[in-house]
Amino acid sequence: MAEAVLSALMEVLFQKTASQIFQKNGLLGSTKKEMLNLQSTLSTIQAVLQDAEDRQMKEKALKNWLVKLKDIVYEADDLLDEYMTELLRHKVVLDDRETRYCVFHAVNSLYLSGTLIFLGYSMKLKLKQVVEKLDLVANERAKFHFRDVVYEKRFSCERPQSDSYVIESKILGRNKDKKNIIKLLIGSDVSVVSIIGIGGIGKTTVAKLVYNDAVVENSFDTRIWVCVSEGFNVKRLLKAIIESGTGSSCNLVEMDVIQRRVQELILGKKFLLVLDDVWDDDHEKYERLKNLVHNGLDGSKLLVTTRNEKVALLVGTTNPYRLEGLSDGDCWSLFQELAYKNRQKELLALEEVGKEIAKKCRGVPLAAKALGSLMCLKNQKSEWSFIRDCAMWDLMGHEDGAGILSALKLSYEYLPTHLKQCFAYCSIFPKGYRINKNTLIHLWMAEGFVPSSESIPPEEVGNGYFNELLWRSFFQNVRRDFDGNIVECDMHDLAKSVGGVDCLTTEFGKEVIIPVATRHLSMFGNEVVPKNPGMLKSAQNLRSFLLLDGQRNITKVSKSFFLSFRSIRALDCSGTSIKKLSNSIGTLLHLRYLNLSHTLLRTLPKSICCLLNLEALILKHCNHLIELPAEIRKLVNLRHLDIYGCTSLTMLPGGIGQMRSLQTLPVYIVSDAAASDISELQRLDLHGELMIKNLENLSNEICAKNANLKGKRHIRFLKLIWAQVEEMETRENVERVVEGLQPNSDLRKLHLEGYIGANFPSWLMTTYLVNIVELSLLKCHRCVELPQLEKLPFLEVLTVDGMDSAMYFCGSSGGKDSATHFASLKQLTLRNMPCLLGWSVNEDHGILPHLKKFTCEACPSLNNLPYLPSLNSLELSDCSSELLAETAANVTSLTHLMISGFLELIHLPEGLLKNNISLLSVEIRDCPEIRSLSSELKVLPCIESLSISNCKNLSSLFDSCGLGTLKSLSIHGCHNISLEKGLQNLQFLQYASLSDCGNLTTLPMPMQHLTSLQTLHIWSCSEMYMLPEWLRDLSSLRELELWYCGKLSSLPESVKNLTKLQFLSIWGCPNLGLRCRKDVGEDWHKIKHVPFIKINGPYIQAMTGYP
């Protein structure tokens, strides 16, 4: 990384020496000679740097010279940055005093002039010393006999404008592999399938093809994807499984709780768990992990991708699937697609050379993509021939994987310097680490990798850098947000090999010596704190220090910690348990990125306002934070102040509006204090999401307009929230206020909550928000008329909750031209609308052509809906029987049905189930008058899940036939139900839950035939006094829970024959609990073989070797 850093640093130094800040403050005169000397020396070095870069791979002495040179250039950069910071500090002080005390302007100017004279003299001495050091090293260049080369960027041409930065290339030659692996997952008895192949061969791509295949999706209840990579950590892996399986972040800390959550996620389900990019060959870790597969239903599978055959054996693979390279033809097609880019005729003469280059990729798709992207920028045959004949191919050897490394290394070597250092910096992250794109760009900015410009924001420049690297295949596996923007990605392994000594990644708990030359350090893992806290003492040159996984065991950061890192630019202490920061943090004058998210901080030290270079202050989910420093306005360079999830903040300090660089401010809190005047937002060019809270404190419509939300074209998601206030004058005034809060028409998502006006603002009642995709109207109790939402062409998700006074969903035009209304709506939720009578005033119900999910709750007067031809999911709760009947006649494509709170319903409407034979899931709750469902349910040939709750008069559920496809059954609060008929037909039932069924005294006899049953929960069955001996016939049972069955006094002897039983939980069964005490209970001998046993909460047994 040395040469990339040097070139980039020199460019930064040139910019700094010519900076206007020196000229404007008179420093250039006192230091002019030293500045010119520095520029001259840098120019001399830069003239030979390109030659040095080309030769340093082969000449160790030359490489050492570059390293020595780099250290001095870093020192010079720190020096100039320090003085620029001091000048900025004096400017901020003067501006602040002028703002408050104009009378002291002359005094302050005199004071500043005297200070600058001293500052210039001090700088002159230090700069002279640095230039002397630099000259000494620069003079050594003669012994290397460099070629003098005018410094230039490697690429002067641009990528064709017709192309997108993000290219999803066709996946070639993998259909056979996909089919073979699907066959192994679905059609075989093996529980573990491993895909083995060299890096870049396409293991992850093929695994994703399999994972997303419709056949695979329909064959498993749950699919979980986890990228493991290096640094295998069981706790971290289990948390990743939870996050993938639930779709939300996992903040659990205790291993016991994490294990239990994983069990809840997969027990009773047939699941597919994909472990992608596995490296670690620690046998003990895999023994703990392999048992996860055995906790799911029969047919659950583990799919592993790895380069290491030993890993495949450790996870239990009997016959790994070896993924071979693409054919030469497919490899050439992939290369050609990226290299030619609609220039087939223009580059026809290069086809022969191109095929030879593609052949050197040795069938590795990633190599073909990387080189294809590289050659897209080259038009001359000589350039193509140079790549074909490059010595890099021979240097990398001929072993497996050499093709991809050669191709990517070549592509890296030909990157422009600014992209080289950006990619090399990524080696600070562990292999397989999911990189948040915005975080990465902010870190690049903090390190000075992204140039500043008055015309183009650095975030935009950094985004361009990111896209260029992505386009060249240096980043992989992108994840996008609702708007299609890239949010996260994976980096390629190559980054680890180009970071050099500058970047170091280590794991908590490992003894490491951090080299003095290390500039960027990250630590990951969450088991224990570093064994040697003093190991950071040698890392005083650090510019980045990141705690990637958080570290809850860290409760404080000492004063010496901050004093040790005087050159630090980026600091991430997120996820720690620190409650207070030392004032010494204010000494980190170079700091530009500070992440304190998910900590226990209540306040921030005042000294944080001394960090004038700070560009990003990340405080997400600091739930204990009660205030921000009063003088935060002094952070004039702050661009990102992320306080999302800081729920204890009740107001913001004054002066936010003076922070003109601010782009990210996801929450603004309006208080009744003048300090929180919403006019502060007027001149801020905010991006992304903005939530404005406590709008009940905003009574001035002029202030609302002054916030200038209409002019904020980069806001994509706006939340406007009022607390509930009942004063009439407030209700009348709020309508004028909300008119002034008109957003930009480019808004994509809008959330309006607690609005107490009687009429929605005019900008919402029309099609002004033409680009809106998602809209939520919550607790708008007094609004009578809904906006003309049907005319919004891109609206996909709509939620209306708590509009007490609305009578019709659409106005008089609601049914006209219905083909063009709600053209994109996919998900509709209506809740708590007691006066809602119908869909439209003119009784023309219309059509919602693309609606997939409809949820209606507590809308008792609604009795009609539009035609819903595409509806898959229907949930009706506390609505009218007429609506249920209307819906039954209208829908024919349901796969999920939930009805609840139909108190007078005796039978399901005719046709509701018969017309929806594709139903997979049915839930019926709180319908006390229903007596039988047997005849209705038997018409469903595909049903897999059935849940019945609080149907107290239900007596018959099953018939003598039908429901043979059922996999999950839950019955709760059905006191009269009989399960003696038809239960034996449920041959595929895997999960059963019986709770609060007061008439059950033991398990029904037909249940003994449920040989596929794996999970059985019996809760609150107060009359159940025994379990039958035939329980042993449930040969697949893995989990048994017995809760609050007070009359149960013992377990049957046959429990010891349940050899697959993994988990037993007993709670609130006093007599049974006593008999099951470990080693001493009378029933202990029946259950001692069960790996996990809980009695009234804590585990009394948790065998090792299990997760």
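Between their Cα atoms, which of Lys235/Lys1086; Lys183/Lys310; Lys68/Lys606; Lys178/Lys369; Lys952/Lys1094 are more than 27 Å away from each other?
Lys235/Lys1086; Lys68/Lys606; Lys952/Lys1094
Relative contact order, percent, of the stretch 990-1107 when contacts are C-alpha pairs under 8 Å separated by at least 6 residues?
Relative contact order of the stretch 990-1107: 19 percent.
What residues qualify as long-range amide H neighbours of Arg925, i.e. H under 5 Å apart, gap of 5 or more or another chain, H built at 1.01 Å from N?
Ile899, Ser900, Gly901, Ser949
Local charge sum around Leu825 (other residues, Cβ-Cβ under 14 Å, Lys/Arg +1, Asp/Glu -1)?
+1
Summing +1 for each Lys or Arg and -1 for each Asp or Glu, what net charge is found among the other residues whose Cβ lies under 9 Å from the Cβ of Leu1061?
Around Leu1061, the charge tally is +1.
So, counting K/R as plus one and D/E as minus one, what does the shell of residues with Cβ under 9 Å around Ser956 add up to?
Summing Lys/Arg as +1 and Asp/Glu as -1 gives +1.
Going down the list Lys63/Lys91; Lys58/Lys359; Lys981/Lys1078; Lys409/Lys712; Lys179/Lys967; Lys719/Lys791, which pairs span over 31 Å between their C-alpha atoms?
Lys63/Lys91; Lys981/Lys1078; Lys409/Lys712
I need Val364, Val922 ordered by Cβ neighbour count within 10 Å, fewest first.
Fewest to most other Cβ atoms nearby, the residues stand as Val922, Val364.
Only the coordinates and a few stated rules stand behind these numbers; no lab work does. Because the structure is predicted, anything quoted here is derived from the model rather than measured. Neighbour counts are summed over all protein chains in view; Cβ atoms, including those assigned to glycine, are modelled from backbone coordinates with ideal geometry.
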